[in-house]
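Enquirer: Sharing a structure here in structure tokens format.
The values are calculated or read from the model by the stated rules, or taken from the named source; none is laboratory data. Bear in mind that the values here come from a model prediction, so they are computed numbers and not experimental data. Here Cβ is always computed from backbone atoms with ideal geometry, including for glycine, and neighbour counts include all displayed protein chains.
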Protein chains: 2
Amino acid sequence: MMQNKDIFETLRHRLMTCGFEHGQKMRAEHLRQEFYCSASTIREVLFRLSTLGLVEFREQRGFRVPEKSRAVLNQLTHLRVLLEAEGTVLSIRFGGVAWEARLTAAHHQLSHLETRLQSANETAPFVDLWFDAERHFHETLISACQSDTLRETHHQLYCRFRQQLMVEDRAFDFISDNIQHHQEILDAAMAGDEALTRQKVHDHLARHMTPTV
Amino acid sequence: MMQNKDIFETLRHRLMTCGFEHGQKMRAEHLRQEFYCSASTIREVLFRLSTLGLVEFREQRGFRVPEKSRAVLNQLTHLRVLLEAEGTVLSIRFGGVAWEARLTAAHHQLSHLETRLQSANETAPFVDLWFDAERHFHETLISACQSDTLRETHHQLYCRFRQQLMVEDRAFDFISDNIQHHQEILDAAMAGDEALTRQKVHDHLARHMTPTV
DNA sequence: ATTTCGGAAAATTTCGAGATTCTCGTGGAA
DNA sequence: TTCCACGAGAATCTCGAAATTTTCCGAAAT
């Protein structure tokens, strides 16, 4: 039987990949039929998703997927740089060998996947794998910062960021730059160079900071 | 009649001031009786409060007020400094005269209140007013940063920060330092000195960054 | 052509009862 | 004494129906 938590995870994944249109309404009645449960259960799950900012709630107007917005993507990117740079620097200070090992592992997995992606004709079978690996790498970067609050806040921003990019990142024409970027972040972090690490985190995300139309 | 939103606001205020014990369970059944509504309505409000981090939800375990924790307060302070400094600097760049006017007004209101607080025997009648004025000043600082995302994220952190301080700030023995701090932040911001502003925001919050026991 | 006004249809929200799960004190066994 | 099992009571969670509110659409008025 489908647990409450499974519904949450299913919808979260769908919202962060390509499962819904931007701006679409999340009708409790429809979802109820898909998951064989009552409207209240769906309602509860939607409230929990709104905790992550993946759906928006308005009194008496129900839930909907946030609109795609260049401005919001810029803002999310800005904050990601701020928190991810800070978190990575703290991890450099506190993480020790264990963190370095985890980071190397996460990077190896990601770069392996990205290399294969680069030469593949068909990207579809890699999409989900890549999303997971990329997320895991960035979460590992800040994983030793000793601040759950920072990690939770970053996670929230990351979810919304990924959601904003739902559509456009599926072509993977950015992939060779990305391989380079991830490598440079890893190198800077392993060298313990805090300023350079901040710079590389910033550069990696810079392509998402575009002027508002 | 008590609207859904009123229940939310009432509980939010109570959670941020002194209405509940840290770690206390939020029993839907009890609250239901106070607000004359069904348990589901309370449940919904509690989910919305958990969006702000003012209550914690655990599957099958209900909702409870977060524990008071020195470590969490440090983390929240750290992030507040990060976001508030960034937001203020952006406001300096984008805010213009309108923002300067709003900030001056907010500061005047706050400092008026703090001066009276300083000489009062009985702080109780000022507590709620001060909380509001202090919050308004800090929100005004970042109000022109042109990033709703930053403001929302900051608001969330501010709520949790205030909640962690529920008890101890009621003596107001810090008040004369605070007057000085707020003045220095205002001066630095009005002078357009970005580095100094960052510094002053940091100094103001530094008293909450204490070593973990 | 645009706006305004019903009123029907659809969606959201509330409710209380019943099902499920957890909590905690009691008693028995190691 | 310490640990585990058990069960009564209390809390959480789910459900479907009813109440409320919004949305939609066509007709009438400006």
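Enquirer: Scan the stretch A:1-26 residue by residue and report those that are over 19 Å from A:Cys159 (Cβ atoms) and either without any contact (Cβ under 8 Å) to a residue 24 or more places away in the chain or away from DNA strand D (no atom under 11 Å from the Cβ) (or both).
Expert: A:Met1, A:Gln3
Enquirer: Given A:Leu129, A:Leu113, which one is surrounded by fewer than 16 Cβ atoms within 10 Å (Cβ to Cβ) and in a helix (DSSP H, G or I)? Give the steps one after another, and end with the answer.
Expert: Working: A:Leu113 fails: surrounded by fewer than 16 Cβ atoms within 10 Å (Cβ to Cβ).
Going through A:Leu129, A:Leu113 in turn, the sole match is A:Leu129.
Enquirer: Within the stretch B:30-79, restricting attention to residues that are assigned to a strand (DSSP E or B) and of a type outside the set (Lys, Arg), which residue is nearest to DNA strand C (Cβ to nearest atom)? Even if it seems obvious, please write down each step before you answer.
Expert: Here is the first cut: in the stretch B:30-79, the residues assigned to a strand (DSSP E or B) are B:56-58, B:62-64.
Retained after the next criterion (residues that are of a type outside the set (Lys, Arg)): B:56-57, B:62-63.
Numbers: B:Glu56: 13, B:Phe57: 13, B:Gly62: 8, B:Phe63: 12 Å.
In this case the residue turns out to be B:Gly62.
Enquirer: A further question follows. Considering only residues that are under 24 Å from A:Val55 (Cβ atoms) and without any contact (Cβ under 8 Å) to a residue 40 or more places away in the chain, which ones fall in the stretch A:156-187? Before you say what the answer is, go through the steps one by one.
Expert: The first filter runs over the stretch A:156-187 and keeps only residues under 24 Å from A:Val55 (Cβ atoms), leaving A:156-170.
Answer for the stretch A:156-187, where residues must be under 24 Å from A:Val55 (Cβ atoms) and without any contact (Cβ under 8 Å) to a residue 40 or more places away in the chain: A:Glu168, A:Asp169.
Enquirer: Note down all Cβ pairs under 7 Å where the first residue falls in the stretch A:44-67 and is without any contact (Cβ under 8 Å) to a residue 12 or more places away in the chain, the second is within 10 Å of DNA strand D (Cβ to nearest atom) and of a type in the set (Phe, Trp, Tyr), and they're at least six residues apart or on different chains.
Expert: Note: pairs meeting the criteria are A:Phe47/B:Phe47.
Enquirer: If you don't mind, there's one more thing I want to ask. Every residue in the stretch A:188-197 that is touching a residue at least 12 places away in the same chain (Cβ under 8 Å) and surrounded by fewer than 17 Cβ atoms within 10 Å (Cβ to Cβ), please.
Expert: Listed by number, the residues that qualify are A:Met190, A:Gly192, A:Glu194.
Enquirer: Kindly provide the set of residues from the stretch A:56-71 that are in contact with a helix residue (DSSP H, G or I) (Cβ under 6 Å, 6 or more places away or on another chain) and within 11 Å of another protein chain (Cβ to nearest Cβ), ordered by number.
Expert: Result: A:Phe57, single match.
Enquirer: Further question: If B:Gly19 satisfies all but one of (1) within 14 Å of another protein chain (Cβ to nearest Cβ); (2) more than 16 Å from DNA strand C (Cβ to nearest atom), what's the number of the condition it fails?
Expert: Going through the list (1) within 14 Å of another protein chain (Cβ to nearest Cβ); (2) more than 16 Å from DNA strand C (Cβ to nearest atom), B:Gly19 breaks only (1).
Enquirer: Here is a further query. Restricting to the stretch A:132-153, name every residue that is under 18 Å from A:Arg93 (Cβ atoms) and surrounded by fewer than 16 Cβ atoms within 10 Å (Cβ to Cβ).
Expert: Across the stretch A:132-153, the qualifying residue is only A:Asp148.
Enquirer: Filter the stretch A:198-213 for residues that are surrounded by 15 or more Cβ atoms within 10 Å (Cβ to Cβ) and either polar (S, T, N, Q) or touching a Gly at 6+ places or on another chain (Cβ under 6 Å) (or both) and give the result.
Expert: The answer is A:Gln199, and nothing else.
Enquirer: Identify the single condition in (1) more than 26 Å from A:Gln3 (Cα to Cα); (2) among the aliphatic types (A, V, I, L, M); (3) within 16 Å of DNA strand D (Cβ to nearest atom) that A:Ala101 does not satisfy, given that it satisfies every other one.
Expert: (3)
Enquirer: Here's something else I'd like to know. Can you work out which of the residues in the stretch A:42-86 that are among the β-branched types (Val, Ile, Thr) and under 23 Å from A:Cys18 (Cα atoms) is farthest from DNA strand D (Cβ to nearest atom)? Walk me through how you get there before you give the answer.
Expert: Initial filter on the stretch A:42-86 (among the β-branched types (Val, Ile, Thr)): A:42, A:45, A:51, A:55, A:65, A:72, A:77, A:81.
If we keep only those that are under 23 Å from A:Cys18 (Cα atoms) as well, we get A:42, A:45, A:51, A:55, A:65, A:72, A:77.
Numbers: A:Ile42: 8, A:Val45: 8, A:Thr51: 15, A:Val55: 16, A:Val65: 15, A:Val72: 22, A:Thr77: 31 Å.
Among those residues, the one meeting the criterion is A:Thr77.
Enquirer: Now for a separate question. When you go through A:Arg32, A:Arg12, A:Arg27 one by one, which is the residue that is surrounded by 17 or more Cβ atoms within 10 Å (Cβ to Cβ) and more than 14 Å from chain B (Cβ to nearest Cβ)? Step through it out loud before you land on a result.
Expert: Working: A:Arg32 fails: surrounded by 17 or more Cβ atoms within 10 Å (Cβ to Cβ); A:Arg27 fails: surrounded by 17 or more Cβ atoms within 10 Å (Cβ to Cβ).
Sole residue among the options that is surrounded by 17 or more Cβ atoms within 10 Å (Cβ to Cβ) and more than 14 Å from chain B (Cβ to nearest Cβ): A:Arg12.
Enquirer: A:Ala188: modelled with pLDDT of 95 or more, touching a Leu at 6+ places or on another chain (Cβ under 7 Å) and either over 20 Å from A:Phe131 (Cα atoms) or of a type in the set (Ser, Thr, Tyr) (or both), yes or no? Outline the logic, then answer.
Expert: Details: modelled with pLDDT of 95 or more: yes; touching a Leu at 6+ places or on another chain (Cβ under 7 Å): yes; either over 20 Å from A:Phe131 (Cα atoms) or of a type in the set (Ser, Thr, Tyr) (or both): yes.
In short, yes.
Enquirer: How about the stretch B:35-55: which of its residues are touching a helix residue (DSSP H, G or I) at 6+ places or on another chain (Cβ under 9 Å) and more than 14 Å from chain A (Cβ to nearest Cβ)? Give the derivation first.
Expert: Quick first cut of the stretch B:35-55, residues touching a helix residue (DSSP H, G or I) at 6+ places or on another chain (Cβ under 9 Å) only: B:35, B:37-55.
Within the stretch B:35-55, B:Phe35, B:Cys37 qualify.
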